[in-house]
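Here is the structure we will look at, set down as structure tokens.
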Amino acid sequence: MYKAASSSSARLSSLLRFRSLPSPAPSSSSSSRLVSIRTRALFSRPSSSSWAAARAAAAGGGWSSPVVGCGVRAQIGAVSPAVERVHRRMAASAAAEHPFKNILTTLPKPGGGEYGKFYSLPALNDPRIDKLPYSIRILLESAIRNCDNFQVNQNDVEKIIDWENTSPKLAEIPFKPARVLLQDFTGVPAVVDLAAMRDAMAKLGSDANKINPLVPVDLVIDHSVQVDVARSPNAVQSNMELEFKRNNERFGFLKWGSTAFHNMLVVPPGSGIVHQVNLEYLGRVVFNTDGIMYPDSVVGTDSHTTMIDGLGVAGWGVGGIEAEATMLGQPMSMVLPGVVGFKLTGKLQNGVTATDLVLTVTQMLRKHGVVGKFVEFYGEGMGKLSLADRATIANMSPEYGATMGFFPVDHVTLDYLKLTGRSDETVAMIEAYLRANKMFVDYNEPQTNRVYSSYLELDLNEVEPCISGPKRPHDRVPLKEMKSDWHYCLDNKVGFKGFAVPKEQQDKVVKFDFHGQPAELKHGSVVIAAITSCTNTSNPSVMLGAALVAKKACELGLEVKPWVKTSLAPGSGVVTKYLLQSGLQEYLNKQGFHVVGYGCTTCIGNSGDLDESVSAAIAENDVVAAAVLSGNRNFEGRVHPLTRANYLASPPLVVAYALAGTVDIDFEKEPIGVGKDGKEVFFRDIWPSTEEIAEVVQSSVLPDMFKSTYEAITKGNPMWNQLTVPEASLYSWDPNSTYIHDPPYFKDMTMSPPGPHGVKNAYCLLNFGDSITTDHISPAGSIHKDSPAAKYLLERGVDRKDFNSYGSRRGNDEVMARGTFANIRIVNKFLNGEVGPKTVHVPTGEKLYVFDAAMKYKSEGHDTIVLAGAEYGSGSSRDWAAKGPMLLGVKAVIAKSFERIHRSNLVGMGIIPLCFKAGEDADSLGLTGHERYTIDLPTNISEIRPGQDITVTTDNGKSFTCTLRFDTEVELAYFNHGGILPYVIRNLAQN
């Protein structure tokens, strides 16, 4: 569908000039400065001249800052010719002494001259490379380019080349991403940590300015806007004004960070959703830095960073702690992943959307088991998927559990790059490099069979319309079975697919007054209908499809009930442009789907309050109300505290369910409503065909829209531009601030590592079952009026109306520690079926808020542990899900299994992750949580091995064996130092 639209893009001048960055090629001079203990990942500090030259390269390499005055700024300006000559000599030296200098190859331009040089995989003449998945080739190229035999050695390169044999052995490799991506919820604590690390460096007598990002950092402010105002033409402006009022201090802090730290770009509020901006604007696909070409790669502090995989850019989510280390030059240590080959054939049926496809793929991959693995898509069906469809599938990698859902670059990718404003010259360079380095897929040529760890196949023709819920993204429900599934959930016991509503209460009707108008709710009534989330708002076919549903409904006389909170939050300004170009936005407005802001909104729980009359009707009558959203997460308690049923659906289905007013409907057999002519209107009457949607996409989605949108981003907005910030390199902490607080992590830090610690006679703070998510652990959503966090804020003069959300206060450790495990839907076995953020203080039997119990244990001098089931820490990558438990005094978590990023974050904060042996858990071992636990670990880090068996004993005589989930030698080094950030500080201070 993009091909026709992109035909005119050749006439565009280059909008997205790719940033030129400091050369990644290592030199022996820089290598010799490394601390030589490579617990395999250490630091080099560039000299002042090389750093200046690097900054000059960033300014002079054909890149323009997308945000004037708030990102990589004008002061990155030129340096003297003498310094430039030094930099060139260093680069030449690096190339001359590189272990793989013999494969550094020139890439010629078709008309003469050259694009640059690259480390050629074909020049290795190793037949194993031809069989490697494309995603593994990116890891291989990075290892070769960065090989210095210190941070990355030749043995690492060999491991990757021999991936087919080394991957099953869980071989460890280092990886150096090209850049880091942040959003403001995770970005604020990251900048807080960087500022605190500068203070720590100064206290240790070292240079505080060593704490600076050494790779490009892009931070997009998109998580703060809430749907306070909806169903109004003024919603965007009203919500942004409230956003700035609530977050003025946070935004000022981020603007300070963009000026205090080098190489940091901040995209201001109101610009779009981070992953859509990354896809349409920030993604480079191929870098050309100082004449060295290499693939783009990115790690981000949001789990849906994987969306960029749809563009052929290797990217995935990491914890904020790990991202901070990456910014500071630390290679990521990772286990060489298995790769699942997912073959796509056929094409989607008429009326089936990319959302239906991704929910189907999610269910298949969850069943297959892909945690910790890459998924790589291939097959003739690829040509039938637009890039936006691919990005939708890649976006939901966290929901199906994979590290990446990767789509190698092909002609569809190149067409999208042109559509979004990348110049023809840049696209030609990308294609030439990827073809030359065997990283481009041309389905018009014979395909070499690649080797995968396992295989899956899906005929796109078999995908049917569906939604997922009511409490988990992978609980897919075919649309035709929705009504029966809903009644099953009403009947079933409380759980992921159950609400346990007695039969005699299932048909009750609650009548209430809605601003003078009679209204009613039943179990399954839709009270929130939100077109939200980069998962879908980046895809013109589903967005314009939703608008066509609204248009057809308007023409037939259907109207969404006024007590349904409807909203539209596009992922970029481009969406608004093509909705206006098509003439369809007016129909969305008529159905209440006015644009409310450009950010994540309902998808992350920023859904705003329901009308008081609706809230009262739900709460006072125990109604199982529903939300339908085009998001990627629907865990209980996430979308809104009062919507116990939450369904993920395509944007067109969001509109359809809003019109129906209930999820308790069979769209095939029951009418959605009665039209203006008195006739019943069915789902089929308002559903657009694939051809209708494609026609509108082709005529409405144009390259100039991307160009004008991202040119506007460079100008910021009046509210952002009016923020004034200090110019000091050290942050001046305000002790009275309830948003930004100096964290305690480094207060008593010395140059000597504390060494490993075991756990002795610890009490169990919480005892969990399966699927405890980071939404349960990490402070998220609204701050409950009776919570410890609310008490803290009230004591400091903050009115309840100004509480804001936990996410907005991630820069204050005092608030966040009090909000850890504060989810109102959390299920703790100590409470015997009672749901909520409390636990039992074992010695006294008191039932207390989790924070209060933790502080009581601390005051008594007791350590604590957490018991958990399977998939502990699934969901969004949230560093506070690890920082919070650490501040509460948790020393270890014993679980059946961990989500990948969360386990890494626990390690990063010095918490011991342990796994029960297969077939065992707390229940099978007879553990109630009332025992005291001792975990014996050697006091010398050299005596501990990744993945070794550890014995846990209790005070009542039980003993069981667990697997120590420090997975690499690097993680053991972090544990020895008390966490990753103290490790970083000590190494930089010693350097």
Once both label points are put 7 Å beyond Cα along the C-beta direction, the Asn248-Lys917 separation in nm becomes 6.1
Would you work out if region 622-698 is rounded, prolate or oblate? Take a ≥ b ≥ c from the square roots of the eigenvalues of the alpha-carbon gyration tensor; rounded if a/c is under 1.5, else prolate when a/b is larger than b/c, oblate otherwise.
-> oblate
Percent of alpha-carbon pairs separated by more than 20 Å within region 711-812 = 67
Note the full-extension length gain between Asn721 and Thr106 as 0.36 nm times their separation in residues minus their Cα-Cα distance, in nm to one decimal.
-> 217.0 nm
Alpha-carbon centroid distance for the pair region 353-392 / region 736-807, whole angstrom | 36
In what order, largest first, do Cys489, Cys554 sit by accessible area if the probe radius is 1.4 Å?
-> Cys554, Cys489
At a 1.4 Å probe, what is the % contribution of carbon and sulfur to the accessible area of the chain?
-> 49
Asp130 versus Asp207: modelled label distance in nm, points set 7 Å from Cα along the beta carbon direction = 5.0
Sites Leu925 and Asp802, calculated FRET efficiency, Cβ-Cβ separation with R0 60 Å, nearest 0.05 | 0.80
Set the Förster distance to 22 Å, then compute FRET efficiency between Glu586 and Arg684 from the Cβ-Cβ distance, nearest 0.05.
-> 0.40
What per residue convex hull volume, in Å³, comes out for region 453-610 when only alpha-carbon positions are used?
-> 181
In nm, what is the difference between 0.36 nm times the number of residues separating Ser859 and Lys747 and their Cα-Cα distance?
-> 38.4 nm
Any idea of Thr105's accessible area? Nearest 10 Å², probe 1.4 Å.
-> 50
According to the Cα gyration tensor, what semi-axes, each the square root of 5 times an eigenvalue, does the equivalent ellipsoid of region 815-868 have, listed from largest to smallest in whole Å?
-> 17, 14, 10
Take the Cβ-Cβ distance between Trp733 and Leu794 as r, set R0 to 22 Å, and report the resulting FRET efficiency rounded to the nearest 0.05.
-> 0.50
As a percent rounded to 5, the proportion of antiparallel DSSP bridges among beta bridges in the chain is 45
Accessible area per residue, 1.4 Å probe, Å², for the chain: what's the number?
-> 34
Contact order relative to length of region 916-991, as percent, for alpha carbon pairs under 8 angstrom and 6 or more apart | 25
Run a plain Debye calculation on region 759-990 (Cα atoms as equal point scatterers, no solvent) and give log10 I(q)/I(0) at q = 0.11, 0.14, 0.15, 0.16 Å⁻¹, rounded to two decimals, same order as the q list.
-> -0.54, -0.87, -1.00, -1.13
Quick shape check on region 123-274: root eigenvalues a ≥ b ≥ c of the Cα gyration tensor, a/c under 1.5 is rounded, otherwise prolate if a/b tops b/c, else oblate, and it reads oblate
Over region 185-233, consider all pairs of different Cα atoms and compute the Kirkwood hydrodynamic radius from their mean reciprocal separation; express it in Å, one decimal.
-> 13.5
For Lys522, solvent-accessible area (1.4 Å; no DNA, RNA or ligand), Å² | 90
The chain, convex hull of Cα, quarter of hull surface, nm² -> 37.3
Simple spin-label estimate for Thr448 and Ala123 in nanometres, 7 Å along Cα-Cβ = 1.7
So how do 793-799, 397-403 stack up, highest first, on mean other-Cβ count within 10 Å?
-> 397-403, 793-799
Contact order relative to length for region 179-462, counting C-alpha pairs under 8 Å separated by 6 or more residues, stands in percent at 19
Does region 179-462 come out rounded, prolate or oblate by the C-alpha gyration tensor, with a ≥ b ≥ c the root eigenvalues, rounded set by a/c under 1.5 and, if not, prolate when a/b is larger than b/c and oblate if not?
-> prolate
Could you grab the relative contact order for the chain? Cα pairs under 8 Å, six or more apart, rounded to a whole percent.
-> 14
Antiparallel bridges, percent of DSSP beta bridges restricted to region 759-990 (to nearest 5) = 60
Any chance you could run the full-extension gain for His515 through Thr844? It's 0.36 nm times the residue separation minus the Cα-Cα distance, nm to one decimal.
-> 113.5 nm
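The values are calculated or read from the model by the stated rules, or taken from the named source; none is laboratory data. Bear in mind that the values here come from a model prediction, so they are computed numbers and not experimental data. As a convention, Cβ positions derive from the backbone with ideal geometry for all residues, glycine included, and neighbour counts pool all protein chains shown. Calculation scope for accessible area: heavy atoms of the full protein, side chains included, ligands and nucleic acids excluded. Shrake-Rupley method; radii C 1.70, N 1.55, O 1.52, S 1.80 Å.
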